[in-house]
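A.B. asks: The structure is given below, and queries will be raised subsequently.
The values are calculated or read from the model by the stated rules, or taken from the named source; none is laboratory data. Since this is a predicted model, take the numbers as computed values, not measurements. Don't worry about glycine lacking a Cβ; one is built from the backbone with ideal geometry, like all the others, and counts go over all protein chains shown. In case anyone asks, the SASA skips ligands and DNA or RNA and just uses the protein heavy atoms, side chains included. Shrake-Rupley method; radii C 1.70, N 1.55, O 1.52, S 1.80 Å.
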Amino acid sequence: MVQHIPVLLHQTLEGLAIKPDGRYWDGTFGGGGHSGEILARLEAAGHLTATDRDAVAEERAKQYADDSRFTFQRGTILEMTEQLDGPWDGFLWDLGTSMMQLKDPERGFSFKEDGPLDMRMDRRHPTTAADLVNEMREEDLADLIYKYGEDRLSRRIAWQIVQARRHERIETTLALAECCRRAYPKKHHRIDPATRTFQALRIAVNEELDQVSEPLPKAVAKLAVGGRAAIISFHSLEDRIVKHCFRELAANGPYRIHTKKPLVADEQEARENPASRSAKLRVLERMPDGWSAKKGGRK
Ligand SMILES: C[S@@+](CC[C@H](N)C(=O)[O-])C[C@H]1O[C@@H](n2cnc3c(N)ncnc32)[C@H](O)[C@@H]1O
């Protein structure tokens, strides 16, 4: 069975400063690595609500089905932010994909193995990556690859995609990866030419940026005094949203940013778990009303 190794684990637990009788929300349960460690720090009066949009995560959450301190609900961060009641002593969003998603070729997240071009974290969602690749106009596809993949060769990639789909629909990960490779000049590449296009499509299929920007201020508003928000992001677009949202909240309300710079994996973790290399953790704390960062924390 594929295991997901939780990233930045001790920094996240330290950031959340778990209260043994606290109420917590893990919005991205995945394989339950972070959730398990949060539960290990809770007493009988504490509670953890875990949620995830993926059916595989729901399956993995059954391991805690008999634990009265734990509940699981399937859904997106956006939906759960609306539905779950606060106040919380902390919440965690470990954004991005799990190893169970990445390593299963049937899910279509990886350009290293062949599989259907899917990329949906929630397979009830109607639109797959293949739908976007085959149905979007060339200019829109190029813009998407540029905006969400930050790939300078977006126009050439979109052109290659359109040439390929004239012959037949692009239905597999390797067929798309081949279009990206054809768009790149033949020389040594630091990363695979398909990397950024796959990132762009994944972000678009799962509406990843809206899933952070819309709910983050609302979720923070549900923190109890002393409650913490810990957000781990895996690409700069997402991290930028978290950084700006935290700054705006701290400039206008009783919030303290604990991570002036985001926390990243140390050398050992980066060596042992390559997936941790792009992870960035930011932590924000809800302070008592009247507290102001501008006054150096005085009321
Ligand atoms: C990086 S993994 C989390 C791993 C987890 N912390 C662990 O230690 O096992 C990300 C998980 O979050 C889920 N996810 C990502 N974005 C989501 C969103 N907007 N709403 C709900 N779940 C999301 C994915 O389905 C995936 O299972």
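A.B. asks: Please list 27-40, 50-63 highest first by mean number of surrounding beta-carbon atoms within 10 Å per residue.
C.D. replies: Values: 27-40: 22.1, 50-63: 20.1.
Highest mean packing first, the order is 27-40, 50-63.
A.B. asks: Using a Debye calculation, one point per C-alpha and no hydration shell, please list log10 I(q)/I(0) for the stretch 105-205 at q = 0.15, 0.16, 0.20 Å⁻¹ in order.
C.D. replies: Log-scaled intensity ratios, in q order: -0.51, -0.58, -0.94.
A.B. asks: Separate question: Based on Cβ point charges of +1 for Lys and Arg and -1 for Asp and Glu, what charge dipole magnitude is obtained for the stretch 156-299 about its Cα centre, in debye rounded to the nearest 20? List each step's numbers first, then the result.
C.D. replies: Numbers: 29 positive and 17 negative charges, 129 e Å.
Its charge dipole is roughly 620 debye.
A.B. asks: Restricting to Cα pairs below 8 Å that are 6+ residues apart, what does the relative contact order work out to for the stretch 105-205? Please round to a whole percent. List each step's numbers first, then the result.
C.D. replies: Details: 153 pairs, mean separation 35.0, N = 101.
Once normalised by length, the contact order is 35 percent.
A.B. asks: Could you give the dipole magnitude of the chain about its Cα centre, charging the beta-carbon of Lys and Arg +1 and that of Asp and Glu -1, in debye to the nearest 20? Provide the component values of the computation, followed by the final result.
C.D. replies: On the way: 47 positive and 47 negative charges, 272 e Å.
For this selection, approximately 1300 debye.
A.B. asks: Here's another thing I want to ask about it. Can you give me the distance in nm between label points at Ala55 and Glu168, each placed 7 Å from the Cα along the Cα-to-Cβ direction?
C.D. replies: For the pair Ala55/Glu168, the computed spacing is 2.7 nm.
A.B. asks: Determine, from the Cβ-Cβ distance of Lys103 and Val225 and an R0 of 51 Å, the FRET efficiency 1/(1 + (r/R0)^6), rounded to the nearest 0.05. Before the final figure, lay out each step's value.
C.D. replies: Numbers: r = 41 Å, r/R0 = 0.81.
The formula returns an efficiency of 0.80 here.
A.B. asks: What does the highest-first list of 122-129, 243-250 look like by mean Cβ count within 10 Å? Please report the intermediate quantities before stating the final value.
C.D. replies: Details: 122-129: 14.2, 243-250: 17.2.
Per-residue mean Cβ counts within 10 Å order the peptides as 243-250, 122-129.
A.B. asks: Rounded to the nearest 0.05, what FRET efficiency is calculated for Lys218 and Ile5 with R0 set to 35 Å and r the Cβ-Cβ distance? Could you put the intermediate results ahead of the total?
C.D. replies: Working: r = 30 Å, r/R0 = 0.86.
That gives a FRET efficiency of 0.70.
A.B. asks: Which three numbers, in whole Å and largest first, are the semi-axes of the equivalent ellipsoid of the chain derived from its Cα gyration tensor as √(5λ)?
C.D. replies: Details: eigenvalues 260, 93, 58 Å².
In descending order the semi-axes read 36, 22, 17 Å.
A.B. asks: So, one more: Keeping all protein chains in position, work out how much accessible area Ser292 exposes to a 1.4 Å probe, and write it in Å² to the nearest 10.
C.D. replies: That residue has around 30 Å² of solvent-accessible surface.
A.B. asks: Okay, moving on. Mind scanning Lys103/Lys243; Lys19/Lys62; Lys218/Lys243; Lys112/Lys187; Lys19/Lys222 and naming the pairs with a C-alpha gap bigger than 22 Å?
C.D. replies: Numbers: Lys103/Lys243 30 Å; Lys19/Lys62 24 Å; Lys218/Lys243 15 Å; Lys112/Lys187 19 Å; Lys19/Lys222 17 Å.
Cα-Cα > 22 Å for Lys103/Lys243; Lys19/Lys62; rest within.
A.B. asks: Compute the distance in nm between two label points, each set 7 Å from the Cα along the Cα-to-Cβ direction, one at Glu248 and one at Arg190.
C.D. replies: 3.1 nm
A.B. asks: What's the FRET efficiency of Arg240 with Glu43 using the Cβ-Cβ distance as r and R₀ = 35 Å, to the nearest 0.05? Mind showing how you got there, number by number?
C.D. replies: Details: r = 38 Å, r/R0 = 1.07.
Taking R0 as 35 Å, the efficiency between Arg240 and Glu43 is 0.40.
A.B. asks: Could you list the chymotrypsin sites (Phe, Trp or Tyr not before Pro) in the stretch 95-161 that lie in coil according to DSSP, counting only those with at most 13 other Cβ atoms within 10 Å of their Cβ? Don't skip to the end; give the middle numbers.
C.D. replies: Values: sites: Phe109, Phe111, Tyr146, Tyr148, Trp159; in loops: Phe109, Phe111.
Loop-located and lightly packed - none at all.
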